[in-house]
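A short write-up of the structure that comes next.
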Amino acid sequence: MRILQQHVEYIEYEPVKKEIASAEEAEKKKVRHEDIVVLFTTVEKGDDQETARKAIDDAGKFLKNLGKKNVLIYPYAHLSSNLARPEIALSVLNQMESRAKELGLMVHKSPFGWNKQYALKIKGHPLAEQSRSYSSVPAPEGGEAAGKAVKHEAQKEELSQDALFARIQKSDFSTLPETDHRIIGERLNLFSFQEVSPGMVYWHNNGIVLFNTLKSFMREKLAEKGYIEISTPTLANTALWRVSGHSEHYKENMFLTMLGEEEFGLKPMNCPATFLVYRSRKWSYKDLPLKISIFDALFRNELSGVASGLFRVKMLTQDDAHIFTTKQGAQDQIVELLALMEEVYRVFGVTHNVRLSTMPEDHMGTAEEWAQATSMLTGALDSKKIKYTIYEKDGAFYGPKIDIDIKDSLGREWQCCTIQADMQMPKKFRLSYTGEDGKEHTPVVLHRTIIGALERFIGILIEHYQGKFPVWLAPVQARVMSISESSNAYAQEVYAKLRKAGVRSEIDVSDKTLEYKIRDAQLMKVPYMLVVGAKEVENKTLAVRTRSGGQKFGVKPEEFIEKIRVECENKAPSPN
């Protein structure tokens, strides 16, 4: 059994069409549930009553920690290809429902055997989305260790050369709508997903240019604000994750391995490693606030990948940062973070809504500490006169938080920015600084991202712009194209000038028609097409065409290069 468990603000679904003859009876009407834990469930071969019991018992513990009782069992056959027969699957799902009722949960079940349309909004807290895998298939003779050995041998046999090449293939997005970022990304040669690395992005040249440009943009913003940047190892002993609490709250979503006799894990979050860097030297109150940014890759072993493209990946990079400050200075730092958020989001032309999440039932620390941390956040919001909605008991287990939902050009909301006030982790990691009184004090740590996961934000931007990126962000800013062979040499000269000036450019001196070249550049969403023919060769000028069809003749190459420089510096909107 595979389960994608999501704590959502709401989910709406509507049965559309029966997929199998044995589908449950259901009305074709929209159903909505709010503040509920959804179990997207795939029943596999070998699943039985014990599997159902174990799955619901785990979900019950999660709900208890949240202080919630509402759960929705949602049949979802897309998490595995090893599906149980429909009659078995329905029986296991019904057993899950019965067990949930035994535990006193308020259980709902989406109808089995239907194709359904659904929409949901996931909660903003760190544990709102997790994956689970269960099995009732007994281990081979020799116990668990022997079972692992047999499985390893089976995998080696499976991955013969033919089997390996069968896996080395791009994912098929042909059934998706034209506006989907996976379709646009494939057409613009930004990225692909390969079966050998499920849930991980293969960035192509255009895509990595986009990725690095976005990262550089954030790095420049942070340098202006006085941040320092670090990088830490990808792998760490799980003792680190036990101190941080991730072993207790997040271990099932970590990639783990044994090195000798000790267990190690790929890091799913940056905060524990950043705390170790802070602990490596002594700090004074004069050193604070200390702003540490980090752009390392993170790994989260969740049921993710192709089904959601860039929106849910197993390997991700965040514009992550941690600010170490005094209690007295924390509110001012949160005000600065809110201003940075507004500054960044204005560049991309997105609007936003603000949520404040308070102390959950399962939390670290005292109510007094939580009140202090919450006051820091509300004080900052109030001082900037920012309207916000309070989400009671929805904070992280270590602190209250502000979450920012941005709205894209299609009217959809995405949670990207988060600002968390943490008075608990610093104590667990024994962080300190020397105060003005000469005594040791514990800093407050502000965990924050502005755009969140770069992969996810790029997916949002692809759909927000529909691939027509502003010039500063576009992987290719200009394409030089010759009208005939006689103008090829000048086209090459212009291309060399653009490259030397740092303009991301391409050249097309093929023998194809000009109409074809222009059409191809438009399909690739290139902002500017620079056409050169006999007249341009004679006058050493360019005919500049925008992707929307606007034209300007007699432009000097130096004039165009300056135009690009100014547009990039000002982060100007793109020529449509």
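The values are calculated or read from the model by the stated rules, or taken from the named source; none is laboratory data. Predicted model, so just to flag it, every value in this text is computed and none were measured. No Cβ is skipped: glycine too gets one built from the backbone with ideal geometry, and neighbour counts run over all protein chains shown.
Just a few scattered comments:
- Which listed residue is under 10 Å from LEU530 (Cβ atoms) and either buried (at least 23 other Cβ atoms within 10 Å of the Cβ) or more than 20 Å from the chain's Cα centre (by Cα) (or both), from ILE462, ILE507, ILE483: ILE507
- Note on segment 215-228: residues that are surrounded by 14 or more Cβ atoms within 10 Å (Cβ to Cβ) and not aliphatic (A, V, I, L, M) total 6.
Okay, residues lined up against (1) at pLDDT 90 or above; (2) surrounded by 17 or more Cβ atoms within 10 Å (Cβ to Cβ):
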{"residue": "ILE56", "(1), (2)": "yes, yes"}
{"residue": "LYS61", "(1), (2)": "no, no"}
{"residue": "LEU66", "(1), (2)": "no, yes"}
{"residue": "ASN94", "(1), (2)": "yes, no"}
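- When LEU446, LEU431 are screened for being in a loop (DSSP other than H, G, I, E, B), in the same structural domain as SER357 (by TED's automatic domain parsing) and surrounded by 15 or more Cβ atoms within 10 Å (Cβ to Cβ), only LEU431 passes.
- For the criterion of being surrounded by 13 or more Cβ atoms within 10 Å (Cβ to Cβ), free of Cβ contacts under 8 Å to residues at least 12 places away in the same chain and in a helix (DSSP H, G or I), ILE208 passes.
- Restricting SER171, SER247 to residues that are more than 30 Å from GLU262 (Cβ to Cβ), surrounded by 15 or more Cβ atoms within 10 Å (Cβ to Cβ) and modelled with pLDDT under 95 narrows the list to SER171.
- Elements of type helices (runs of 4 or more DSSP H) in segment 230-341, at least 2 residues being among the aromatic types (Phe, Trp, Tyr) and at negative phi: 271-279
- Residue count for segment 341-371 under the criterion of being within 29 Å of CYS568 (Cα to Cα) and either in contact (Cβ under 8 Å) with a residue 12 or more places away in the chain or surrounded by 19 or more Cβ atoms within 10 Å (Cβ to Cβ) (or both): the result is 11.
- Segment 21-40, residues that are surrounded by fewer than 13 Cβ atoms within 10 Å (Cβ to Cβ) and either at pLDDT 85 or above or not small (Gly, Ala, Ser) (or both): GLU25, GLU27, LYS28, LYS29, LYS30, ARG32, GLU34
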